[in-house]
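Peer 1: Below is the structure I would like to discuss, written out as C-alpha cells.
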Amino acid sequence: MSSSTSLFEVRNLEKHYPINRGLFNTEVGRVRAVDGISFSVERGETIGIVGESGCGKSTAATSMIRLEEPTAGEIDFRGEDITEYDEKELRRFRREVQMIFQDPDSSFNPRMNIGNAVAEPLIVQGFDDEQRRRAIVGDLLERVGLSADDMNRFPHEFSGGQKQRIALARALAVNPSLLVADEPVSALDVSIQSEVLRLIDRFQDELGLAVVVISHDLGVVQEICDRVAVMYLGEFVEVGPTEELFTDPQHPYTRALLSAIPTPDPTERGLGVELTGDVPEPSDPPSGCRFHTRCPEVIPPEGIDLAQDTWRSVLHLRKQVIADQVDLESIAEVGAIEAGDEFGSMDEVEAEDIDNDRLIGWVRQEYELPNQLGDTSAEQTLSQALEELVSGQQEAAAETLTERFETVCERQDPETRSLSPDHRVACHLTDDSVVGSTDSENEYRRQLSSPE
Amino acid sequence: MSRESSDQSAADPADSSTAAADGGVADARFEDVDWDRIDSVNRGRSLKSRIWLTIVSIWATAFGGTLFVRYVMGDSILSERLGPLQDALDPTVVEAIPLLSLNDGWVSFPVVGVVELHNWLWWITLAGFVYYGALPLYENPRMTRYYWRRFRKNKAAVISGLFLVVIFLIGFVGSRVTSQPEPEAGLDGIPPVGISTESYNVGPAGQKVADCAGGVCTGTWEYPFGTTTSGEDIFLGVIHGMEISMMVGLTATAASLVIAAGIALVSVYYGGWIDEIAFRWVDIQLTFPAFFLYLLLVYSIGGSMFILILIFGFIEWGGGARLMRSEALQRREEPYITASKAAGANPLWTMRKHLLPNISNTIITYASLSIPSIILAEAALSFLGLGDPTMVSWGQLIADGRDNLANLWWISTIPGIFLFLTVLSFNFLGDALRDAIDPRHEGAE
C-alpha cells in the first residue's frame with residue numbers, strides 16, 4: 001500500500017452479457033455494456049461518469065465493485081486486485097466500498113424498518129453489539145437530518161429526498177473509503193437534489209471519502225466532481241479535470257453533451273451542437289469510432305473538402321441508401337405537391353414517371369444537399385450515386401457512396417491519447433497523424449476549433 | 001404509525017433539516033469500528049438457536065431411527081427386498097440402547113412411549129410454530145403490539161382467530177385426556193341435549209340414558225351432542241376430530257410451505273440450472289394428482305393419517321412454489337436486494353431478510369387457501385371411508401349420519417357445522433394476517 005498507488009484503480013474493465021438463443025442456449029452474440037474502461041480514484045477525490053441512457057454507466061458502477069462479475073479487466077483497491085478476492089475477502093472489501101442507488105423508493109426493503117435498514121451493513125459484517133449499533137444508527141440518522149426516533153418507521157413513511165439521505169446513512173454506516181453513487185439525485189426534485197449533493201460533499205470533506213458519481217446530468221457532475229469521464233457505448237471517450245473538460249472539451253460527444261445543458265442566459269446559446277438518433281445497439285457497435293454514426297464532426301476522406309453540415313448531410317444520405325431507407329415515392333409526392341398543379345391529381349404521381357434529373361433535385365432537397373457540391377470530385381460521386389438510386393439500382397448507389405465517402409472514423413478505432421497528464425481523449429480529430437496530413441484537413445480542424 | 005404523522009414527516013422543512021445535518025457533520029467524528037476484533041471473534045450461534053437446532057436434530061434422529069428400525073430392520077415391503085443384508089439387520093439391537101425398548105416392532109421412547117408416525121410430524125410443526133412464530137412475538141413485545149393493533153382492526157378475523165385457538169386447545173388437550181369414542185350396542189341415536197326425537201330412533205340402552213317419556217326421547221347432558229348410529233359419543237368424536245383437522249391442515253401446509261418457499265427462494269436467488277431443474281421437477285410433480293396418489297396408497301398399503309399428511313404436505317407444494325417463484329422473481333430485481341449484496345450480505349441473509357418477507361403476501365394467501373382445502377380433503381376422504389380407520393374424524397361422523405338425515409340429522413350436522421366454521425375462520429384469518437404484516441397497508445378501517 002505505497003502512497004503512489006491510487007485508492008481505486010480500474011483497468012480495461014469489461015462487462016459483456018451473452019445473448020443466448022435456441023434450444024441449447026447457444027451464444028449468438030454479446031451485449032458489450034462496458035467495453036474496456038480505465039480510470040483511477042484518489043483518496044478524497046470525486047470522479048464523475050457521464051453519458052446518455054444505455055451507454056453502460058450503471059453496469060460500469062455495479063461491475064467495478066463486483067456486484068456483477070466483470071467479464072475482464074483489473075480492479076485494484078488499495079493496490080490489491082479485487083477480482084481475485086474470495087468470498088471472505090470480498091465481504092471485507094464491502095466495508096470499504098458502499099453504493100447508493102438511483103431510485104430511493106425501491107432501494108429500501110418496504111418490510112424492514114429504517115433502523116434495521118441502516119444497520120444492515122453493520123449486521124451482515126458481523127457487528128453484534130446491538131446497543132452500540134443502535135447508537136451508531138441513531139447518530140447517522142441525525143447526521144443526515146432525520147431523527148433517531150425515525151428508526152422504527154418504515155420506508156413508505158418518508159419522502160424521496162429523505163429516503164435518499166437515509167440511503168447515504170446506510171452507505172456510511174460501515175465508514176467506507178469509497179462511495180459509488182449511481183444517479184444519486186436523478187429521481188429527486190430539483191430543489192432536493194442540491195440538498196443531497198451538498199450532504200455528499202460535506203461527508204466527503206469530513207471523512208476523506210472518495211466518490212464515484214454516475215450521472216446523465218452534467219450539471220450534477222460539474223457541481224461536485226473533480227474529474228469527469230465521458231462514456232459512450234461502453235467506452236470512455238474523454239476523461240479530464242472537470243474545469244478543463246467543461247471549458248475546453250476535446251471530443252465532439254463531450255461538446256454535444258455540454259451544449260445540451262440548459263442555460264438561463266438567452267444570449268448564450270451553448271455550442272449549438274445537437275445529437276440526433278439513438279445510441280446504437282451495444283450488441284453490434286459501429287466499426288471504428290463508435291460515435292461516428294452520430295458525430296457532428298466526422299472527418300471527411302482525404303481530398304474531399306466540404307462544409308461540415310454538407311458533409312454531414314452526405315453521410316446521412318449515405319446511411320439511408322445503405323440501409324435502403326430512401327423512400328423515393330414519398331419524396332416524389334412531396335416534390336409534386338411543392339411543384340404545384342403541373343402534376344394534376346396527387347394519386348397519379350409515381351416516382352418512375354418523373355424525370356430523373358428532377359427527382360434527383362428533390363432527393364437533394366429532402367437531404368438538404370445543395371444542387372452542386374463545393375468539391376468537384378465529391379460532386380461527381382454524389383451525382384453518380386443519385387443517378388443510380390433513382391434508376392432503381394440501390395445497391396450500386398450504396399457501393400458507390402461507401403467506396404468514395406468512407407471516413408477514417410468508421411475505419412479506425414481512435415486511440416486514447418493524453419493531452420495533458422490527466423486529460424485523455426479518444427478521437428481522430430486530436431490525432432495529427434490522421435488529421436493534418438493534407439491542407440484541407442488542417443483547414444477543417446482550424447474551422448472546428450474556432451467556430452464562426 | 002398513523003397517516004398524519006407520516007405526512008407530517010414527509011413535509012418536514014428541508015432547509016432546517018439540512019442545516020442540522022451539516023452542523024452535525026462538522027463537529028463529530030464517525031464511530032471507529034474495530035473490524036479486526038470483530039473478525040477475530042468467532043461468532044457462534046445464539047443460545048436460543050443452538051437449543052432449537054438441538055431439538056430439531058434429536059427429532060430428526062429419533063424419527064429417522066424409528067422409521068429405519070420399523071421399515072428397514074423390521075418386516076416391510078422394503079426390507080423384503082434387501083435380501084442377505086436384511087438378515088444382518090436385527091431390530092432387537094434397540095433393546096441394547098439404554099432407555100429405549102422395542103414394542104411390537106416400533107421403538108419405544110422413555111416418557112412418550114411409542115410415538116405414532118403422524119404425531120412426529122405434528123410435534124415438529126408445533127415446535128416450529130413456537131420457535132418461528134410465538135417466540136419472536138414474545139421477545140419483541142413492541143412489534144407484537146404493533147401487529148396486534150393492525151390485526152384487531154379486522155373484527156371478523158379476531159373472532160375467527162379466537163375460534164381457532166379454542167378449537168385447537170380443546171382438540172389438543174381434549175383428545176389427550178379423553179379416549180376415542182367407542183361404538184356401543186344399544187346406545188345409538190341419542191339426540192343432543194334439549195333436542196327431542198321419536199323413541200324408536202333411540203336404541204334400548206340409550207332410552208335409559210335419555211329422557212324418554214310418551215314415545216319421545218330428549219337428549220341429556222350425558223351425551224351433549226348425542227350419539228351416532230353405532231352408539232359413539234358425538235361430543236368426544238367432535239373433540240378428537242378437532243385435533244385431526246388441525247393436525248392435517250397445519251402439518252401438511254407447513255411442510256408444503258417450507259418446501260415451496262425454500263425451493264422458490266433458492267431457485268430465484270441462484271437462477272440458472274438450479275431454477276431449471278427445480279421447476280421442471282415441479283412440472284412433472286404437478287402431473288400427479290395427490291388425491292389419486294393417496295387412493296393408490298390406500299389400496300396398496302392401507303390408509304393412514306401419516307400417509308395423508310405425507311401426500312398433501314410433500315407432493316402438493318408445486319403450485320405454491322410456482323406462485324412464490326413468480327413473486328420472488330419480481331423482488332429479485334429490486335435495488336434493495338443489490339443494496340444488501342453491496343453491504344456484504346450472504347445469500348442466506350438476503351433470502352431470509354429481503355426476499356422472504358416480500359413474498360409473504362403470496363405465502364399467507366397460499367396458506368390460507370391450502371389449510372382449508374386440506375382439511376376439507378381429509379374430511380372428504382374420511383367421508384368416503386378412505387381415511388385413517390383408527391381415528392375418529394369429522395368426515396367419518398358426517399358419513400355416519402348420511403343415511404339417516406331425516407331422523408338422526410344431528411349426526412351429520414354437528415360435525416358439519418364445526419367443519420364449516422373452521423374452514424371459514426382460516427380464510428378470514430389469512431386475509432387479516434396478510435394485511436397486518438404489510439407495513440404499507442394501513443389496515444381495513
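Peer 1: Please list, ordered by chain and number, the residues whose modelled amide H lies under 5 Å from the amide H of B:Thr227; skip anything fewer than 5 residues away on the same chain.
Peer 2: Excluding prolines and chain starts, which carry no amide H, the hits are B:Gly189, B:Ile190, B:Ile234.
Peer 1: Out of residues 5 or more away from B:Glu184 or on other chains, whose amide H comes under 5 Å of its own, with H placed 1.01 Å from N in the peptide plane?
Peer 2: Result for B:Glu184 returns B:Gly231, B:Glu232.
Peer 1: Using a Gaussian network model on chain B with a 10 Å cutoff between Cα atoms, which of B:Ile244, B:Ile263, B:Ile55 fluctuates the most?
Peer 2: The residue with the greatest mean-square fluctuation here is B:Ile55.
Peer 1: Give me Rg/Rg_expected for chain B, where Rg uses Cα atoms only and Rg_expected = 2.2 N^0.38 Å with N residues.
Peer 2: In units of the 2.2 N^0.38 Å rule of thumb, it is 1.24.
Peer 1: Quote the Stokes-Einstein diffusion coefficient, in whole µm² s⁻¹, for chain A, based on the Kirkwood radius over alpha carbon pairs, a temperature of 10 °C and a viscosity of 1.306 mPa s.
Peer 2: Diffusion coefficient, whole number: 63 µm²/s.
Peer 1: Between rounded, prolate and oblate, where does the protein assembly as shown land on the alpha carbon gyration tensor, with a ≥ b ≥ c its root eigenvalues, rounded for a/c under 1.5, else prolate if a/b exceeds b/c?
Peer 2: Prolate.
Peer 1: Just to be sure I understand: with springs between alpha-carbon atoms less than 10 Å apart, which residue in B:Ser46, B:Ser360, B:Ser267 has the highest mean-square fluctuation in the Gaussian network model of chain B?
Peer 2: Sorting by GNM fluctuation, first place goes to B:Ser46.
Peer 1: Can you work out the FRET efficiency for the pair B:Phe420 and B:Leu169, with r the C-beta to C-beta distance and R0 = 22 Å, to the nearest 0.05?
Peer 2: Efficiency at R0 = 22 Å is approximately 0.65.
Peer 1: If I model a spin label at B:Ile51 and A:Ser191 as a point 7 Å from the Cα along the Cα→Cβ vector, what separation in nanometres do I get?
Peer 2: Computed distance between label sites B:Ile51 and A:Ser191 equals 5.5 nm.
Peer 1: Please compute the length gained on full extension between A:Gln365 and A:Glu403, using 0.36 nm multiplied by the number of residues separating them and subtracting their Cα-Cα distance.
Peer 2: 11.3 nm
Peer 1: Among all the lysines, which ones have a C-alpha under 16 Å from B:Lys353's C-alpha, if same-chain residues fewer than 8 places away are not counted?
Peer 2: The qualifying lysines are B:Lys341.
Peer 1: Mind listing the phi-derived Karplus ³J(HN,Hα) values for segment B:394-406, rounded to whole Hz, using 6.51, -1.76 and 1.60 with θ = phi - 60°, and x for any glycine or proline?
Peer 2: Running phi through 6.51 cos²θ - 1.76 cosθ + 1.60 with θ = phi - 60° gives 4, x, 5, 4, 4, 4, 4, x, 5, 7, 10, 4, 6 Hz.
Peer 1: Then there's this: What percent antiparallel are the DSSP beta bridges of chain A, to the nearest 5?
Peer 2: Once the DSSP bridges in chain A are tallied, antiparallel ones form about 60 percent.
Peer 1: Using only Cα atoms, tell me the angle between helix A:376-390 and the longest principal axis of chain A; keep it within 0 to 90° and round to the nearest 10.
Peer 2: That works out to roughly 80 degrees.
Peer 1: Counting trypsin sites (Lys or Arg not before Pro) as exposed when in a DSSP loop with at most 14 other beta carbons within 10 Å, what is the longest stretch of chain B free of them?
Peer 2: So the longest stretch without any such site is B:153-439.
Peer 1: Amide H neighbours of B:Ser108 under 5 Å, counting only residues 5+ apart in sequence or on other chains, H built in-plane at 1.01 Å?
Peer 2: Those lying under 5 Å, H to H, from B:Ser108 are B:Ser101, B:Leu102, B:Asn103.
Peer 1: Right, another one. Can you compute 3J(HN,Hα) from phi for each residue in segment A:291-308, using the Karplus curve 6.51 cos²θ - 1.76 cosθ + 1.60 with θ = phi - 60°, rounded to whole Hz and x for Gly and Pro?
Peer 2: 8, 5, 5, 10, 5, x, 10, 4, 7, x, x, 3, x, 10, 10, 10, 5, 4
Peer 1: Based on the alpha-carbon gyration tensor of segment B:185-233 and its eigenvalue square roots a ≥ b ≥ c, which shape applies: rounded if a/c is under 1.5, prolate if not and a/b is larger than b/c, or oblate?
Peer 2: oblate
Peer 1: Taking only DSSP H segments of four or more residues, each worth -39500 (n - 2.57), what value at 222 nm results for the protein assembly as shown once the sum is divided by all its residues, to the nearest 500 deg cm²/dmol?
Peer 2: -15500 deg cm²/dmol
Peer 1: Points 7 angstrom from Cα along the Cβ direction at B:Glu184 and B:Ala380: gap in nanometres?
Peer 2: For the pair B:Glu184/B:Ala380, the computed spacing is 3.6 nm.
Peer 1: In sequence order, what are the phi-derived ³J(HN,Hα) couplings for segment A:218-229 according to the Karplus relation 6.51 cos²θ - 1.76 cosθ + 1.60 with θ = phi - 60°, rounded to whole Hz, with x for glycine and proline?
Peer 2: 5, x, 4, 5, 4, 5, 10, 9, 8, 10, 10, 10
Peer 1: Report, in degrees rounded to the nearest 10, the 0 to 90 angle that the Cα long axis of helix B:14-27 makes with the longest principal axis of chain B.
Peer 2: Compared with the principal axis, the helix lies near 70 degrees.
Peer 1: Mind pulling the angle between the C-alpha long axis of helix B:290-301 and the longest principal axis of chain B? Nearest 10 degrees, somewhere in 0 to 90.
Peer 2: 50
Peer 1: Sticking with this structure for a sec: Hey, in the GNM for chain B with a 10 angstrom Cα cutoff, which one of B:Ser101, B:Ser425, B:Ser382 fluctuates hardest?
Peer 2: Taking springs between Cα atoms under 10 Å, the residue moving most is B:Ser101.
Peer 1: If you take the square roots of the eigenvalues of the alpha-carbon gyration tensor of segment A:179-231 and sort them as a ≥ b ≥ c, do you get rounded (a/c under 1.5), prolate (a/b over b/c) or oblate?
Peer 2: Oblate, because a/c is 1.5 or more while a/b does not exceed b/c.
Peer 1: Applying 1/(1 + (r/R0)^6) with R0 = 56 Å to the Cβ-Cβ distance of B:Ala213 and B:Asp104, what FRET efficiency is obtained, to the nearest 0.05?
Peer 2: Step by step, r from the Cβ atoms, then E = 0.70.
Peer 1: Return the Cα extents of segment B:234-437 along principal axes one, two and three, sorted largest first, each rounded to a whole Å.
Peer 2: 70, 40, 21
Peer 1: Considering only DSSP beta bridges whose two residues both sit in the protein assembly as shown, what percent are antiparallel, to the nearest 5?
Peer 2: In the protein assembly as shown, DSSP labels about 70 percent of beta bridges as antiparallel.
Peer 1: Using only the Cα atoms of segment A:8-259, each taken as one equal point scatterer with no solvent, compute I(q) by the Debye sum, divide by I(0), and report log10 of the ratio at q = 0.12, 0.13 Å⁻¹.
Peer 2: Computed log10 I(q)/I(0) values: -0.73, -0.85.
Peer 1: For B:Val112 and B:Tyr200, FRET efficiency with R0 = 56 Å and r from the beta-carbon atoms, rounded to 0.05?
Peer 2: 0.75
Peer 1: Right, something else. Mind jotting down a quarter of the surface of the convex hull over the alpha carbons of segment A:308-406, in square nanometres, one decimal?
Peer 2: Taking the Cα atoms of segment A:308-406, their convex hull projects to 6.0 nm² on average.
Peer 1: How crowded by other chains is A:150-158, given as the mean number of beta carbons from other chains within 10 Å of each beta carbon?
Peer 2: For peptide A:150-158, the averaged partner shielding equals 4.
Peer 1: Also, quick follow-up: Could you please report the charge total around B:Ala343, scoring K, R as +1 and D, E as -1 over all other residues with beta-carbon less than 10 angstrom from its beta-carbon?
Peer 2: +4
We did not get these values from a lab; they are worked out from the coordinates using the rules stated. Remember, it's a predicted structure, so these values are computed and weren't measured experimentally. Please note: Cβ atoms are built from the backbone with ideal geometry, for glycine as well, and neighbour counts cover all protein chains shown.
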